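The values are calculated or read from the model by the stated rules, or taken from the named source; none is laboratory data. Owing to the predicted nature of the structure, the values given are computational and were not obtained by experimental measurement. Here the Cβ positions follow ideal geometry from the backbone for every residue, glycine too, while neighbour counts run over all protein chains shown. All accessible areas refer to the heavy atoms of the entire protein, side chains included, with ligands and DNA or RNA removed. Shrake-Rupley method; radii C 1.70, N 1.55, O 1.52, S 1.80 Å.
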Amino acid sequence: MVDIVQSFRSYYTSTNHEEMSLQEYLDLGRFDPLAYATPAERMLKAIGEPELIDTRNDPRLSRIFGNRMIRRYPAFDEFYGMEEVIDQIVSFFKHAAQGLEEKKQVLYLLGPVGGGKSSIAERLKQLMEAYPIYALKGSPVNESPLGLFNPLQFGEQLEKEYGVPKRYLSGIMSPWAVKRLKEFDGDVAKFRVVRLKPSILKQIAVTKTEPGDENNQDISSLVGKVDIRKLDRYAQDDPDAYSYSGGLCLANQGLLEFVEMFKAPIKMLHPLLTATQEGNYKGTEGFGAIPFSGIILAHSNETEWQTFRNNKHNEAFLDRIYIVKVPYCLRVSEEYKIYKKLLNNSSLADASCAPGTLDMMAQFAVLTRLKEPENSSLYSKMRVYDGESLKDVDPKAKSYQEYRDYAGHDEGMTGISTRFSYKVLSAVFNYDQTEVAANPVHLMYVLEQRLQKEDLPDELEAALSRVHQGLSRAALRRVHRQGDPDRLSRVVHRVRPEHLRPLRDLCRLLAAGRGVPRSGDRRDL
């Protein structure tokens, strides 16, 4: 059996750079299109083929997706309730790989806090590491060897002899390559090519940039700046005196994640316009343009987006953004899976959890995110969104599509975040000093206390009243079945009477929906 040390050594060896001549690289392109593939093409390859699901064969899915054929991608199998979001992201990469307008746009994830934007960005960066890139040896900007060739002069010859389509030739050499070519007296064969494995850790073709101090922000975080330590050897406008440490420099042929992009001043975003539209950008010094063929992935909250969009001076930038809305999950069963995933990745994976605890937290979270329907109950809407059929239960219940049409496209952009829910669950599991466990009674108590501390809007306080419907004598009965009567007594006595009093009235509203016995029905208690 191979030990961990040997496995690590093998993995590290596989990530080492491989060197070849320019001619060997061109020969490689004849039978391996990934040798010159764009970042969007490599991303599509890493995502892989989707699993096609015919929702007509599943009653629950058919109600949610209207009998449509849906696609689920194994690379995003843990992103529950995000089928439409992932589909839009994959469509962006597909269109960009085809050389359409998306190739020149910024992929922008717009959504509320804790909605999963950062998780999607992290997964995309991991996928970008799947396939190697080929760059000129020594190039500080991971420059593609094809950038050496002008498409007007060499495009047809490259396509005929090596099968490289003309659209892969940018015709723009970096200032560094221009200087090297001059040193080589125009002998392009002296360039060497290296096979690089993109790396988040080493910032090879994958990097992240963030807005800095508002009073001290400039474009150097994107395009780099002169290295003052080299000015004793080179002139200030010499390419070798430049520090190619900006995000656009490091992310060439890869992916640049711009966190909270619209918190940065507009002057800092200008290099993104030319980088996406023209495939190059200017540095801070007086030499030529620097090539860029990467993907720019940005994300921020809706507040920053609205402020940026309402400024008329930003119209040119707005036209270059591909928006993907990332709302909160609106299906209880999928929200439940998110909690299970988070718990399974912690030391609470084996802790005792009474039945109904995670369901109740999921119900509460989803209820806060839904818009109040017309002539129907919010609870019925929640159940219909989860794929239930309420024909025989609630005659006022509408279809899934009717609810969605009335709610509009902004539903799910407000409410309790998954991050908040997970913090509540963490407190519930650690509520009892004698054991690590969770039950609905403690959940209700902790949730109410947290909401009071958070000073949340009135509509969320109203949602707390609605979620009280989920805690009933049936829930207490489940806690009772998980332990001894003395433990149940201790649980109940920790909750003040004023916390339990509203539950008796609210249980009646839930009776038809969950089969919870009415307050006067004691047959199952």
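Among K94/K208; K325/K381; K104/K179; K45/K182, which pairs are too far apart, with a Cα-Cα distance over 30 Å?
K45/K182
Using amide H atoms built 1.01 Å from N in the peptide plane, name the residues 5+ places from K208, or on other chains, whose amide H lies under 5 Å from its own.
E257
Rolling a 1.4 angstrom probe over the protein heavy atoms, how many square angstrom per residue are accessible across the range 234-282?
Accessible area per residue, the range 234-282: 32 Å².
Can you give the net charge of the other residues whose Cβ lies under 12 Å from the Cβ of F184, counting K and R as +1 and D and E as -1?
+2
Mind listing the long-range amide H neighbours of S243? Cut-off is under 5 Å, sequence gap 5 or more, other chains count too, H placed in the peptide plane at 1.01 Å from N.
K225, V226, D227
Using θ = phi - 60° and the Karplus curve 6.51 cos²θ - 1.76 cosθ + 1.60, what whole-Hz ³J(HN,Hα) does each residue of the range 311-320 get, with Gly and Pro shown as x?
8, 4, 6, 9, 4, 4, 6, 4, 6, 10
In percent, what relative contact order does the range 30-76 have, based on Cα pairs under 8 Å that are 6 or more apart in sequence?
Computed value for the range 30-76: 36 percent relative contact order.
Assuming R0 = 56 Å, can you tell me the calculated FRET efficiency for the pair I53 and D237, based on Cβ-Cβ distance, to the nearest 0.05?
0.45
Two decimals is fine: what's Rg over Rh for the range 1-85, C-alpha atoms, Kirkwood radius as Rh?
Here Rg/Rh amounts to 1.19.
Ordering S377, S417 from largest to smallest accessible area (1.4 angstrom probe), what's the sequence?
Reading off the accessible areas and sorting them downward yields S377, S417.
Would you kindly state how much longer the chain becomes between D218 and S62 on full extension, computed as 0.36 nm times their sequence separation minus their alpha carbon distance, in nm to one decimal?
Gain on extension, D218 to S62, equals 51.0 nm.
What length, rounded to one decimal in nm, is gained on full extension from I228 through to I323, with 0.36 nm per residue of separation minus their alpha-carbon distance?
So the extension gain works out to 30.3 nm.
Mind listing the phi-derived Karplus ³J(HN,Hα) values for the range 130-135, rounded to whole Hz, using 6.51, -1.76 and 1.60 with θ = phi - 60°, and x for any glycine or proline?
5, 10, x, 10, 10, 9
Taking amide H atoms as placed 1.01 Å from N in the peptide plane, list the residues 5 or more away in sequence, or in a different chain, whose amide H sits under 5 Å from that of C353.
A438
Which ³J(HN,Hα) values, rounded to whole Hz and listed in residue order, are derived for the range 270-283 from phi using the Karplus coefficients 6.51, -1.76 and 1.60 in 6.51 cos²θ - 1.76 cosθ + 1.60 with θ = phi - 60°, glycine and proline given as x?
4, x, 5, 5, 6, 5, 7, 7, 10, x, 7, 8, 8, x
Apply the Debye scattering formula to the range 1-159, with a single equal point scatterer on each alpha-carbon and no solvent, then give log10 I(q)/I(0) at q = 0.10, 0.14, 0.15, 0.18 Å⁻¹.
Debye intensities relative to I(0), on a log10 scale: -0.55, -0.94, -1.03, -1.23.
Distance between Cα centroids, the range 10-70 to the range 118-182: provide it in whole Å.
Result: 19 Å between the Cα centres.
Taking 7 Å along the Cα-to-C-beta vector as the label spot, tell me the I4-D32 distance in nanometres, rounded to one decimal.
Here the modelled spin labels are 3.2 nm apart.
Using only the Cα atoms of the range 133-259, construct the convex hull and provide its projected area averaged over every direction, in square nanometres to one decimal.
Result: 9.7 nm².
Need the list of aspartates and glutamates near K137 for cross-linking: C-alpha distance under 12 angstrom, and skip anything on the same chain fewer than eight residues off.
E18, E19
Ignoring ligands, DNA and RNA, what percent of the accessible area of the range 46-161 is carbon or sulfur (1.4 Å)?
Summing carbon and sulfur atoms, their accessible area is 45 percent of the total for the range 46-161.
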